[in-house]
1. Can you name every residue in the stretch 609-622 that is crowded, with 19+ Cβ neighbours inside 10 Å and within 24 Å of the chain's Cα centre (by Cα)?
2. Test each condition in (1) part of a strand (DSSP E or B); (2) closer than 30 Å to residue 702 by Cα for residue 421 and report the one that comes out false.
3. Which of (1) modelled with pLDDT under 95; (2) at negative phi is the odd one out, the single condition residue 887 does not satisfy?
4. Name the one entry in 534, 480 that is out of contact with any strand residue (DSSP E or B) (no Cβ under 8 Å at 6 or more places or on another chain) and either within 25 Å of residue 731 (Cα to Cα) or without any contact (Cβ under 8 Å) to a residue 24 or more places away in the chain (or both).
5. Only residues in the stretch 436-459 that are in the same structural domain as residue 533 (by TED's automatic domain parsing) and within 20 Å of residue 515 (Cβ to Cβ) count as the first member; pair them with residues that are in a loop (DSSP other than H, G, I, E, B) and modelled with pLDDT of 95 or more, Cβ under 6 angstrom, at least 6 apart or cross-chain, and list the lot.
6. Return yes or no: is residue 421 surrounded by fewer than 21 Cβ atoms within 10 Å (Cβ to Cβ), out of contact with any helix residue (DSSP H, G or I) (no Cβ under 9 Å at 6 or more places or on another chain) and not assigned by TED's automatic domain parsing to the domain that holds residue 572?
7. Would you pick out the residues in the stretch 875-886 that are crowded, with 16+ Cβ neighbours inside 10 Å and without any contact (Cβ under 8 Å) to a residue 40 or more places away in the chain?
8. Scan 849, 834 and give me the residue that is closer than 18 Å to residue 894 by Cβ and modelled with pLDDT under 95.
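The values are calculated or read from the model by the stated rules, or taken from the named source; none is laboratory data. This is a predicted model, so every value here is computed, not measured. Backbone-built Cβ (ideal geometry, glycine too); neighbour counts: all protein chains shown.
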């Protein structure tokens with residue numbers, strides 16, 4: 001400066017003024033610059049302070065989050081729950097608003113990671129959560145309302161926005177996002193952040209049209225591969241989706257159909273590929289090859305969901321899982337199951353919470369269902385051809401409200417349970433879920449007909465010692481409190497054992513037995529066996545299955561007999577794990593004492609006869625294998641339902657068929673009765689189950705008889721110990737008994753005496769009766785009337801079954817038969833067949849027998865050759881040539897006129913005494929025999 005001033009003095013006359021002016025100007029400019037700098041600095045400080053103050057005001061309510069809190073928030077993303085068959089075989093996913101499947105970073109293709117970083121956050125591995133330059137650019141674009149906005153969010157900020165904050169567009173939310181992003185980067189490694197981002201981000205729709213989130217769900221749902229197997233173009237396509245998930249997705253929301261125009265998504269993929277190339281993640285060769293990749297050709301096909309493939313099963317598992325989670329949530333809050341059941345509002349509240357939990361929290365639900373058996377059963381149900389015809393049913397059209405007529409098919413339900421554990425191995429929910437989404441195995445309540453008899457009648461009566469298998473019950477017309485039960489077909493069977501009554505499913509003995517226990521709370525046994533629909537008051541008809549059960553309940557109750565009288569509750573969910581693999585629910589077996597082991601075995605043994613030769617005898621011809629089966633058929637009133645439930649030492653299985661709107665099943669269809677059609681369906685389902693797992697379905701061992709059971713003989717008339725008369729009459733039989741309840745009284749219902757028979761009715765012997773027609777044998781006493789509730793002697797005959805065992809047993813009227821005063825009418829209808837001659841029964845009410853007269857060949861000298869009691873109308877006479885006629889004999893010994901003569905063989909009369917006609921009357925009818933003396937033995941007065 002001094003040199004410059006010297007120069008100015010030297011070369012200008014005005015040097016002094018110039019120098020002074022220069023100094024002033026320099027000083028002013030310097031001062032102004034300093035002033036502007038100070039003002040600018042103050043402004044910056046002020047703006048910074050204001051900005052900082054404003055930023056602080058925006059985040060003042062944001063809590064300081066610890067590492068654990070942030071970890072829970074970041075990793076708290078919804079994940080679709082999965083369902084598994086038994087043995088950890090995947091069934092499918094629970095229906096949810098969005099499908100997501102968690103994946104570890106090491107199981108994700110590096111191409112995806114590179115594509116996401118190149119596209120969304122190229123400085124991801126360099127910044128500390130935010131990029132100031134990007135934020136300033138975004139703010140500038142916001143203030144200037146720029147047409148194109150590049151955004152300023154890092155992957156860390158996006159993760160914060162998705163998992164902790166909201167998508168709200170505001171400075172308040174942005175400020176919190178920045179603060180939390182900085183804090184997140186302080187706590188978490190970069191790999192943890194990118195892993196979380198890849199698991200939470202939305203990726204549009206999958207090939208089923210469902211919303212998806214997370215790279216694993218995207219890889220499977222779009223290209224049908226695991227996330228670790230994604231190639232470069234696939235990775236680029238997926239990485240481009242988050243900018244506009246539903247704009248770029250290749251699938252529509254209409255069932256997952258591929259869109260006609262995929263250009264938006266493909267163009268976005270090309271942008272991602274360009275950034276991957278410019279970022280050095282792929283080579284030029286890889287870049288060019290990826291640009292030519294055919295996205296449309298490599299999209300995955302629509303995959304049937306668990307609901308599509310297993311609708312009955314999926315919805316049933318959802319429902320049961322929700323029930324489990326609901327109880328857990330309520331229990332955690334201090335509520336009991338009983339409180340939930342009584343409070344509808346509370347129940348619905350926790351039910352909704354459980355529904356949300358089960359759909360979005362990534363549970364792993366493990367079931368007891370055996371996949372192969374279940375699949376085979378569904379095939380049988382779909383192919384079975386003997387259900388019966390569809391029937392018309394009127395319903396209201398849900399759209400128009402008009403009454404329309406539809407054709408309603410026969411539906412089916414079935415449940416297979418493992419006895420010892422209660423596991424539901426398989427079930428049949430119905431024939432067509434789309435037609436009717438009612439699960440006919442678990443939710444359809446129907447009357448169970450005669451399958452109720454072992455549960456409510458015979459087993460309780462056995463347990464109480466009121467009945468044993470050999471107990472004798474009169475199957476005769478019966479009325480109780482105005483109710484008159486009828487047997488199937490309307491017939492009666494007289495004296496029958498409890499075993500036989502159950503074998504052939506006689507209704508009247510069941511009602512009678514039930515009335516013996518009705519005042520001893522038999523419904524308590526149903527309650528212990530898990531039957532939910534228990535009537536408040538019991539009536540006689542309940543013994544025949546007039547109350548409702550589900551197939552599951554009915555089968556589960558029958559398994560009690562196989563479990564030696566202990567009820568093991570059936571279940572379908574083995575355990576539930578959370579998304580971390582922790583077991584939050586594990587089924588625990590419980591057993592309830594219902595019947596003694598002796599009662600259970602005796603019931604089992606009685607029901608064996610149902611299959612051996614009773615109402616389910618057809619089963620033996622339908623099964624492809626053998627096992628120790630014991631079961632019961634059931635039919636409801638008007639044939640509205642057909643049931644069959646059977647058990648063996650391992651499993652219990654039951655099926656039901658009927659219409660959803662109760663109406664009669666066809667008595668016969670394609671040559672098969674309604675009951676046989678159901679038994680055949682049962683057998684086919686068991687046959688395929690046996691093909692899959694023979695050890696489970698057909699155990700080699702038989703039901704084991706417990707101690708305390710003995711075999712005893714008894715008299716078939718009363719069930720009491722046999723008397724000598726009972727033995728002589730051939731009426732002794734034997735059966736198993738609970739040793740506590742063996743009979744101790746000797747039967748005293750029989751006596752021995754003489755009688756005559758008129759029109760199949762026995763009477764006391766009158767003194768005029770010819771001795772040849774007086775019979776003697778075992779007779780019933782009056783006391784048996786009272787024992788079996790018979791009010792008249794006329795009904796007493798109905799007690800005796802029409803079997804050979806009871807054929808020689810006589811029931812007598814307690815009076816003599818009287819003579820009508822006239823000779824019997826002539827016998828007609830005489831005929832011969834080989835060695836046997838027959839005739840028509842005489843219509844008179846006092847005829848006690850017939851005499852047969854014969855004339856040898858070439859004679860007409862007729863002599864008596866046979867006397868036949870009135871209960872018979874035939875006699876064996878041989879084949880030698882002879883002529884015969886028959887006369888009727890009444891109680892007074894009078895004979896009718898001879899019948900027409902019938903010739904046997906090559907009969908010829910004497911030549912010296914020709915006879916003009918073929919039918920010859922004897923010259924003189926044989927004289928009536930002398931009146932017999934009074935029988936030496938008079939039947940006792942107590943005989944009837």
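1. Matches in the stretch 609-622: 610, 611, 615, 616, 619.
2. Single failed check for residue 421: (1).
3. (1)
4. 534
5. Hits for this filter: 450/505; 456/522; 459/595.
6. It is false that residue 421 is surrounded by fewer than 21 Cβ atoms within 10 Å (Cβ to Cβ), out of contact with any helix residue (DSSP H, G or I) (no Cβ under 9 Å at 6 or more places or on another chain) and not assigned by TED's automatic domain parsing to the domain that holds residue 572.
7. 875, 882, 883 - these are the residues of the stretch 875-886 that are crowded, with 16+ Cβ neighbours inside 10 Å and without any contact (Cβ under 8 Å) to a residue 40 or more places away in the chain.
8. Exactly one of 849, 834 is closer than 18 Å to residue 894 by Cβ and modelled with pLDDT under 95, namely 849.
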